[in-house]
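The values are calculated or read from the model by the stated rules, or taken from the named source; none is laboratory data. Small disclaimer: the values here were computed from a predicted structure and weren't measured. Note that each Cβ is placed from the backbone with ideal geometry, even for glycine, and that neighbours are counted across all protein chains shown.
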Amino acid sequence: MNIYFDNAATTKASAEVLEAFVSVAENNYANAASLHMPGLEAERQIKIAKHSIGTVLGSSGDDITFTSGGTESNNLAILGTALSGTRRRIITTKTEHPSVLEPIETLKIKGAEIIYTPIDEHGVIDLEAFRQNLSVPAFVSISHVSSETGTIQPIEEIGRIISQTCQKTIFHSDGVQAFGKIKVSPQKCNIHLYSVSAHKIHGLKSIGALYVKRGVHVNPILFGGGQQKNLRPGTENNQLAASFQTATTTATNSLNANYQHALGLKKLIWEGISKSIPDAFLNGQPIETASPYILNISFLGIRGEVLLHALEDAGIFVSTGSACSSKEAESKTLTAMGLGQARAASAIRLSFSKHNTQHEAQHFITILRDIVPKLRLFAKG
């Protein structure tokens, strides 16, 4: 029995998504930039897909730019906008995804002043400290949902503070772990740029999107044929666009049911662990407050990577954090939250999808109760 609890890294593509991709690839494969009828049909398919994704975000298809995924969306938002105009200050947190932190770091050489807003032990930003840092127009990049702990940032309040304090500030949010899983309206939250990805919601890899609020200027970071209003050139992939549309529609149609399903699994697993395994600590917000799709737990006395491989031997697949930083010795996110090296080095992340079952959750708890004491005994030598 194999159990896949690494859905924050990627999800299994749904049958509907695969069907949509194959159908378009076989029947509507023309280049959307071509002027003949098949090309116009391909262009129409892309517009329909953008409209579908835009509708979920409470906007129009004109606000959506397709990219190769969340990483490109984050890079485009940051590198294309952060230092435009008079903005030279960038405000973020140390718990952001590497595709946010690394482009921000590269902007230091262009004169950027980088401020890391303090966070509490749950990973939630200090709103008053954030407000004080908005004394000049800035570029803000704060994720909606943490990919490691599932912590949900108060993005609506962040947007309100920006609106009240410094309206020339641009607000970007990495919504990759939120889109299709929890409701969001960038316009309501005063978000100017919002990054999303398909393969976290049973879509295919290599396609994502960036929401750009009307009136916000983003400079391209790629150059070529001028597609997508010159913002993201390159031959548009209508097959992937159609599959992303299908994944988005499927996810949003069952958003509430999927949410409750994931919450039930998360509660079941944490209750089983907290009642039977000592020195196990929940990292991030309380169960009812955080995203139900992500559960981060430290088992003191065991390195997270060791536990990961022991679970793998039992047919259970988890992670030690974000897949993009999985080779680090310990979680920088948990360290930034002030939880200490012991908890940061002993953490594993479980992440759920609609395909996981309560039977899998119960089996995981049973296996864990057996493995953890043995590994701790072995670690003590």
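See the values below:
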{"item": "Every pair of residues 6+ apart whose Cβ atoms lie under 9 Å, when the first sits in segment 45-58 and is in contact (Cβ under 8 Å) with a residue 60 or more places away in the chain and surrounded by fewer than 18 Cβ atoms within 10 Å (Cβ to Cβ) while the second is assigned to a loop (DSSP other than H, G, I, E, B) and among the hydrophobic types (A, V, I, L, M, F, W, C)", "result": "Gly58/Val184"}
{"item": "Scope segment 204-222; condition in a loop (DSSP other than H, G, I, E, B), under 26 Å from Pro154 (Cβ atoms) and either touching a helix residue (DSSP H, G or I) at 6+ places or on another chain (Cβ under 8 Å) or not hydrophobic (A, V, I, L, M, F, W, C) (or both); matching residues", "result": "Lys213, Arg214, Gly215, Val218"}
{"item": "Some residue of segment 73-87 being touching a helix residue (DSSP H, G or I) at 6+ places or on another chain (Cβ under 8 Å), surrounded by 18 or more Cβ atoms within 10 Å (Cβ to Cβ) and more than 30 Å from Gln227 (Cα to Cα)", "result": "no"}
{"item": "Test: residue in segment 268-286 that is crowded, with 16+ Cβ neighbours inside 10 Å, within 17 Å of the chain's Cα centre (by Cα) and under 30 Å from Phe21 (Cα atoms)", "result": "no"}
{"item": "Residue in segment 251-263 that is in contact (Cβ under 8 Å) with a residue 24 or more places away in the chain, β-branched (Val, Ile, Thr) and over 21 Å from Leu334 (Cα atoms) present", "result": "yes"}
{"item": "Residue match in segment 325-333 (condition: more than 20 Å from the chain's Cα centre (by Cα) and at pLDDT 95 or above)", "result": "no"}
{"item": "Count of segment 194-222 residues which are within 18 Å of Lys47 (Cα to Cα), hydroxyl-bearing (Ser, Thr, Tyr) and surrounded by fewer than 22 Cβ atoms within 10 Å (Cβ to Cβ)", "result": "0"}
{"item": "From Ile104, Ile48, residue being aliphatic (A, V, I, L, M) and farther than 30 Å from Val140 by Cα", "result": "Ile48"}
{"item": "Any chance Ala344 is under 27 Å from the mean Cα position of the chain (by Cα), more than 17 Å from Ser147 (Cα to Cα), modelled with pLDDT of 95 or more and surrounded by 19 or more Cβ atoms within 10 Å (Cβ to Cβ)", "result": "no"}
{"item": "Flag if Ser52 is assigned by TED's automatic domain parsing to the domain that holds Ala138 and either modelled with pLDDT of 95 or more or of a type outside the set (S, T, N, Q) (or both)", "result": "yes"}
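Rundown of residues vs (1) in contact with a strand residue (DSSP E or B) (Cβ under 6 Å, 6 or more places away or on another chain); (2) in contact (Cβ under 8 Å) with a residue 24 or more places away in the chain; (3) crowded, with 21+ Cβ neighbours inside 10 Å, yes/no style:
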residue	(1), (2), (3)
Ser147	no, yes, yes
Gly150	yes, yes, yes
Ile155	yes, yes, yes
Gln167	no, no, no
